[in-house]
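Below is one structure, written out as C-alpha cells; comments come after it.
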C-alpha cells in the first residue's frame, strides 16, 4: 500500500492542540501509543493535559494525513509526550505526481565527507520523489545525497527518507531495503529532466497497454 497510514519512529509530525500547531517528532510507537519529543521552546504555552483531544498531522511521499489522538500524559524527566490514536487517519491533501516504474541509474550516500557511495537503479520515479533498494537500512527523516543519471547527465539531489520497508528484499543474494525519498530543492534543469523522463516512461507504458 502506498499510504503511510501512521507515522514511523524518527518522523517529524505536527501536533494540533486546541487549534494551534506544534512541530515535534515520533520517538517510539507502541501499539496505538505514540511517544513524542517534548514541545519546542516556542510551543511550551500549548501545555497538553491528560485526556485532551488533539490531532497529529504527518506526510508521506504523496499525501498529507491527519489522525485523531488523545493525550495520555508527559513522561519525566526527558520529557516525552505520550498520545494515543483514537481513530483512522484521514487524507488532508493528496499531491498529484504521476509515478513511473522505471529503472534509472542512481548513486546515493550520506551527505558527509568521505561517505561511501552506493550505486543502484530506481524502482520508480516521480516529480516529488523516488523509490530505490538501499544496501543499508535507512530511517525516516534521514537526509541522503543522490545523483540521478538521466539521458547521460548527472543530476545531484538532496532528498529525505519518508518511508522504509520493515523487511529487506533479496536482490542478487543480498539484503536490500526498499526506501522512498522526497526531494528537497530541485534545480530547474533537474526538475525539467525528471518530468520529461517520467512523461516519456508513462507514454511508453500506455502504448504497451493498448
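Structural remarks
- Pair residue 137, residue 70: separation of 7 Å Cα→Cβ label points (nm): 3.3 nm
- Listed residues 50, 168, 113, most fluctuating in the chain (Gaussian network, C-alpha, under 10 Å): 113
- Counting neighbouring Cβ atoms within 10 Å and putting the fewest first, the residues 124, 154 line up as 154, 124.
- P(r) tail fraction, the chain - alpha-carbon pairs more than 25 Å apart, %: 47 percent
- Helix 188-209 and the long axis of the chain differ in direction by around 70°, with both axes built from C-alpha atoms.
- Size estimate for region 12-94 follows the Kirkwood approach: the inverse of mean 1/r over distinct Cα pairs works out to 12.8 Å.
- Estimated inter-spin distance, residue 112 and residue 30, nm [label 7 Å along Cα→Cβ]: 3.0 nm
- Extension gain, residue 78 back to residue 196 (0.36 nm per residue minus Cα-Cα distance, nm): 37.6 nm
- Cα centroid of region 74-139 to Cα centroid of region 152-210, whole Å: 12 Å
- Annotation: the residues 115, 165, sorted from fewest to most other C-beta atoms within 10 Å of their own C-beta, follow the order 115, 165.
- Applying Stokes-Einstein at 37 °C and 0.692 mPa s to the Kirkwood radius of region 105-209, computed over alpha-carbon pairs, gives a translational diffusion coefficient of 228 µm² s⁻¹.
- Radius of gyration and Dmax over the Cα atoms of region 116-155, both given in Å: 10.9, 30
- Footprinting exposure proxy ranking of 107, 76, fewest other C-beta atoms within 10 angstrom first, gives 76, 107.
- The chain: relative contact order as a whole-number percent, Cα under 8 Å and 6+ apart: 14 percent
- Using a Förster distance of 35 Å, the FRET efficiency for residue 37-residue 171 (Cβ separation, nearest 0.05): 0.50
- Note on region 66-166: Cα-only Rg and Dmax are 18.2, 55 Å.
Rule-based calculations on the coordinates, nothing more; no lab input. Small disclaimer: the values here were computed from a predicted structure and weren't measured. Methodologically, a virtual Cβ is constructed for each residue, glycine included, from the backbone with ideal geometry; neighbour enumeration extends over all protein chains shown.
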